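Please read the structure below before turning to the comments.
Every read-out reported here was derived from the displayed coordinates using simple, explicitly stated rules and does not represent laboratory data. Note that the structure is predicted; figures quoted are calculated from it, not measured. Counting neighbours? That spans all protein chains shown, and the Cβs are built from the backbone with ideal geometry, glycine included.
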Amino acid sequence: MSPGTEFPRNQWYVAAYGSEITGELLARTICGEPLVFWRDSSGRAVALADRCVHRRFPLSQSNRVGDTIVCGYHGFSYDASGTCVAVPGQKRIPRTARVRAYPVVEQDSLVWIWIGDAEPSAAGTIPRAPWFAAAGWTTVRGMEPLAARHSLLLDNLMDLSHETYLHGGYIGTPEVADTPISTEADSDAGIVRVSRRMADAACPPFYAESTGLSGRITRWQDIEYHPPCLYLLHSRIAPAGVLPPGNGPDNQAFHVEVGYALTPETAHSAHDFWLVARDFALEDDGVSRFLAESNRTVVLQDVACLNTLEEILQRDGAAYQELSINIDTGGLAARRMIRRQIENAPAPGTTVPEGAAPGREPLAGAPVTA
Amino acid sequence: MAGTTLRVVWTPGTDDLLGICHCGAEYLAGDPIDVWSWLLAHPDGHEAAR
């Protein structure tokens, strides 16, 4: 079986960085739904369906007047709730004249949107990544459009052994592919964890240049994936043999928090949001520029690879038996959680159980397929 | 270990994957499809594998 094109609905997805949402109208398609975003006069991020109810003209190509959008075709006007408040030439506003407004939550510098027909799960179930907005950290970020399905990006990120081959000279060294991993599928929390801890490894340029370390290093890669959207990589870099102390701060190590938000755009494309936060050289703009340029280069290497795979999958069709080996253990667990989210989607209009994590699932389930 | 956490440990120096169920049962497998299938089948097959 090939990586599928389906993605779960009735989930929270990252739609944008908070800094992208301004008074200007922003068009972005999330999970196949064309949306328009803007920030209203109170500072609140707003998301509406990007189609005028009258003749489907994109509201993102229309005009914002105060806290309303006035359609650029015939002047239908919508407030931030999606309610039509004015139509041209008449006083009576049809009762059906409204566009859909989407629940939005802004936290940790990310703008999350609820995609689905069920009532949204509580904002408290959205996974956190506080370092992307917290004091004591400096973050660089970007977003690359991906002409490939969400599941291909997920496969890529859950198995970092590809760093050795695809990202040599940036973040890959031989030890990444050579080091065994341990994997956890935590059904209660809705998290897949993959840990790769290299005791004595070469220091790749990405970390040598940014930290100043020149010798062998102890390198930990601890992945925490919150299906379907948020991927966190807790990276610890220290001189070889330097482990966290039993007590007190781990101040002999460098910590880098890498984040990705994997947001489907359509069945065959995605938004690849990436962030790199560090707890060292906080004011050093040179380090920021280096990490931003290096990580963007790495992401673009992934994008080129995955775009090629998407073309091949579409050209070759489904008649293909995928082969999985040990390095794929985490990716298979992640696929299964996504599959359960698709299968367990609540019916339209129902409410996601209180306290339910987006990835929560019953323990028993169909065997993993590959 | 959390009550519903399933673990797979790739044993260093080998190609073996050790599956550890939330119930404590363990299973040595040669590939990830096999180990996840066993873990997800809980409790089927767990006593024999212990």
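Only one of the numbered conditions (1) surrounded by 14 or more Cβ atoms within 10 Å (Cβ to Cβ); (2) in contact with a Gly (Cβ under 9 Å, 6 or more places away or on another chain); (3) within 9 Å of another protein chain (Cβ to nearest Cβ); (4) of a type in the set (Asp, Glu) is not met by residue B:26, and that is (3). Inside the range A:93-106, residues that are among the hydroxyl-bearing types (Ser, Thr, Tyr) and surrounded by fewer than 16 Cβ atoms within 10 Å (Cβ to Cβ) make up a count of 1.
Per-residue answers, yes or no, for (1) in a loop (DSSP other than H, G, I, E, B); (2) out of contact with any Ser or Thr (no Cβ under 8 Å at 6 or more places or on another chain):
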{"site": "A:223", "(1), (2)": "no, no"}
{"site": "A:234", "(1), (2)": "no, yes"}
{"site": "A:237", "(1), (2)": "no, no"}
{"site": "A:248", "(1), (2)": "yes, yes"}
{"site": "A:255", "(1), (2)": "no, no"}
{"site": "A:258", "(1), (2)": "no, no"}
{"site": "A:263", "(1), (2)": "no, yes"}
{"site": "A:270", "(1), (2)": "no, no"}
{"site": "A:273", "(1), (2)": "no, no"}
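Within the range A:107-129, the residues that satisfy the criterion of being within 23 Å of residue A:233 (Cβ to Cβ) and either crowded, with 19+ Cβ neighbours inside 10 Å or in contact (Cβ under 8 Å) with a residue 40 or more places away in the chain (or both) are A:108, A:109, A:110, A:111, A:112, A:125, A:126, A:127, A:129.
Which of the residues spanning the range A:200-229 are of a type in the set (A, V, I, L, M) and touching a Phe, Trp or Tyr at 6+ places or on another chain (Cβ under 8 Å)?
Looking only at the range A:200-229, we keep the residues that are of a type in the set (A, V, I, L, M), and these are A:201-202, A:208, A:213, A:217, A:223.
Hits for the range A:200-229 are A:213, A:217, A:223.
Taken together, the residues in the range A:172-201 that are more than 20 Å from the chain's Cα centre (by Cα) and either aliphatic (A, V, I, L, M) or more than 14 Å from chain B (Cβ to nearest Cβ) (or both) amount to 9. Among the residues of the range A:147-164, just one is in a loop (DSSP other than H, G, I, E, B) and within 17 Å of residue A:194 (Cα to Cα), namely A:159.
Tell me which residues, restricted to the range B:1-21, are without any contact (Cβ under 8 Å) to a residue 24 or more places away in the chain, of a type outside the set (S, T, N, Q) and facing chain A (nearest Cβ under 7 Å). Outline the logic, then answer.
The initial filter retains those residues of the range B:1-21 that are without any contact (Cβ under 8 Å) to a residue 24 or more places away in the chain, namely B:1-5, B:7, B:9-20.
Of the ones still in play, those that are also of a type outside the set (S, T, N, Q) are B:1-3, B:7, B:9-10, B:12-13, B:15-20.
Scanning the range B:1-21 gives B:2, B:3, B:7, B:9, B:10, B:12, B:15, B:17.
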